[in-house]
Amino acid sequence: MARTRRANRYCVDCGARLVYYPRLSNPKAPNEHRVLVYACPDCTQDFEKPKMFSIRRNQVDDPLETVEIEITQEQKKVAIKPKSS
């Protein structure tokens, strides 16, 4: 089993500490190409498909008040029961 390292970053959904994935990250790349990947063990239902977060840095002219968050998730399908009279 691979050693997991807890990061000082927290999940936006549940607030748990995230786990850093060094094999999916490239921390030594230049800022404009750097991607850091984390996973939340508390929000993960299936550990074959962990809930992942990737953090990228963007270069902008006016860095004040620039926050870009993109959350992509699959919505759970709910079975609807037909009404019985």
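Report the extension gain between GLN45 and CYS14 in nm, rounded to one decimal, defined as 0.36 nm multiplied by the number of residues separating them, less their alpha carbon distance. Please report the intermediate quantities before stating the final value.
Numbers: separation 31, 0.36 × 31 = 11.16 nm, distance 1.33 nm.
Here the answer is 9.8 nm.
Here the spin labels are modelled as points 7 Å beyond Cα on the Cα-Cβ line, and at SER54 and ALA79 they lie 3.5 nm apart. Expressed in Å, the radius of gyration and Dmax of the Cα atoms of the range 17-58 are 11.3, 34.
All of the numbers you see were taken from the coordinates with simple rules; none came from a lab. On a predicted model such as this, the values are computed, not experimentally measured, just so you know. When we count neighbours, we look across all protein chains shown, and the Cβ atoms used for this are built from the backbone with ideal geometry, even at glycine.
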